[in-house]
Ligand code: G1P
């Protein structure tokens with residue numbers, strides 16, 4: 001089985017749920033505590049040993065590259081002012097991973113964004129991390145999927161249990177059980193009505209794919225809005241090759257909406273020694 005050395009981070013959407021802030025700032029650059037959301041995805045991949053990452057961007061997303069590039073002038077300034085922790089933090093960004101950028105010329109959906117990374121990934125298995133899902137866990141979420149991939153082979157998708165009415169916000173898997181927390185995927189449906197959902201397991205934005213996903217995505221016909229859904233490509237792939245669903249161990253934050261971003265910011269700040277005491281006190285004072 002080929003090792004998974006590459007990852008793809010789709011970051012080319014319009015961020016419509018966050019307008020107006022996302023008119024000029026990419027959604028992936030919105031801060032969760034003091035890091036942009038995309039940095040969580042890059043760090044998670046790096047922790048799991050995935051060093052080569054392709055970020056799929058749109059034309060207006062230069063700030064993403066600027067965030068991870070060296071910044072000699074800023075570094076000199078911080079050095080001169082003896083801002084050592086800040087300097088370390090800034091320098092570290094350029095060492096996290098080997099990053100490449102590809103431009104999605106038209107916003108034609110998540111499946112199309114993944115397909116845009118095809119040449120950059122090549123004929124290899126690879127990981128996909130959606131930056132608007134942040135997972136706090138002992139083993140990095142994508143590392144959990146890699147363990148399944150190494151044991152069982154085939155593609156792997158992360159899932160979590162969702163209440164029935166939430167199905168409209170998720171890809172939902174049709175599955176049969178394999179082991180504790182592990183299922184074989186028979187099919188997937190994107191954002192079904194609760195009565196049409198094939199299970200209570202919703203897809204979280206972490207995936208390991210065999211290169212077969214590219215052929216499948218190339219065959220998917222665009223939906224009503226002209227978008228190529230990743231879920232449709234996965235459905236096709238699951239008919240051709242083994243695919244597994246792994247129930248993530250850890251806490252998942254959906255930072256893809258303003259409310260989700262606020263909740264994640266508060267909860268993740270409460271886990272930080274430097275912020276938690278003052279934040280906790282302030283929250284108590286709100287006495288809602
Ligand atoms: C995307 C996928 C969906 C998945 C979700 C996880 O939807 O299309 O299948 O469940 O990410 O966050 P989005 O949240 O981009 O609408």
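So how many residues does region 9-48 have that are over 16 Å from residue 65 (Cβ atoms) and in contact with a strand residue (DSSP E or B) (Cβ under 6 Å, 6 or more places away or on another chain)?
The number of residues fulfilling the criteria is 2.
Taking the residues in region 227-237 that are touching a helix residue (DSSP H, G or I) at 6+ places or on another chain (Cβ under 6 Å) and more than 21 Å from residue 149 (Cα to Cα) as candidates, determine which candidate is nearest to the ligand (Cβ to nearest atom).
This residue is 229.
For (1) buried (at least 21 other Cβ atoms within 10 Å of the Cβ); (2) farther than 22 Å from residue 110 by Cα; (3) modelled with pLDDT of 95 or more; (4) within 13 Å of the ligand (Cβ to nearest atom), each residue gets a yes or a no:
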site	(1), (2), (3), (4)
126	yes, no, yes, no
129	yes, no, yes, yes
144	yes, yes, yes, no
151	no, yes, yes, no
167	yes, no, yes, yes
177	no, yes, yes, no
206	yes, no, yes, yes
210	yes, no, yes, no
239	no, no, yes, no
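How many residues, within region 134-149, are under 23 Å from residue 237 (Cα atoms) and touching a residue at least 40 places away in the same chain (Cβ under 8 Å)?
8
Does at least one position in region 150-163 carry a residue that is under 15 Å from the mean Cα position of the chain (by Cα), in a helix (DSSP H, G or I), touching a residue at least 12 places away in the same chain (Cβ under 8 Å) and closer than 17 Å to residue 217 by Cβ?
No.
Got a number for residues in region 250-265 being more than 16 Å from the ligand (Cβ to nearest atom) and surrounded by 13 or more Cβ atoms within 10 Å (Cβ to Cβ)?
Total satisfying the criteria: 1.
When region 179-190 is examined, which residues are found to be within 14 Å of the ligand (Cβ to nearest atom) and either surrounded by fewer than 15 Cβ atoms within 10 Å (Cβ to Cβ) or closer than 21 Å to residue 249 by Cβ (or both)?
Listed by number, the list holds a single entry, 185.
For region 191-201, name all the residues that are within 12 Å of the ligand (Cβ to nearest atom) and out of contact with any strand residue (DSSP E or B) (no Cβ under 6 Å at 6 or more places or on another chain).
Listed by number, the list holds a single entry, 191.
Considering only residues that are closer than 21 Å to residue 168 by Cβ and in contact with a helix residue (DSSP H, G or I) (Cβ under 6 Å, 6 or more places away or on another chain), which ones fall in region 181-219?
Across region 181-219, the qualifying residues are 185, 187, 188, 190, 191, 192, 194, 197, 206.
Taking the stated definitions as given, is residue 6 over 25 Å from residue 120 (Cβ atoms) and touching a residue at least 60 places away in the same chain (Cβ under 8 Å)?
Against the criterion (over 25 Å from residue 120 (Cβ atoms) and touching a residue at least 60 places away in the same chain (Cβ under 8 Å)), residue 6 does not qualify.
For the condition within 16 Å of the ligand (Cβ to nearest atom) and in a loop (DSSP other than H, G, I, E, B), what is the one hit in 224, 216?
Only one candidate qualifies: 224.
The values are calculated or read from the model by the stated rules, or taken from the named source; none is laboratory data. Keep in mind the model is a prediction, meaning the values are calculated, not measured. When we count neighbours, we look across all protein chains shown, and the Cβ atoms used for this are built from the backbone with ideal geometry, even at glycine.
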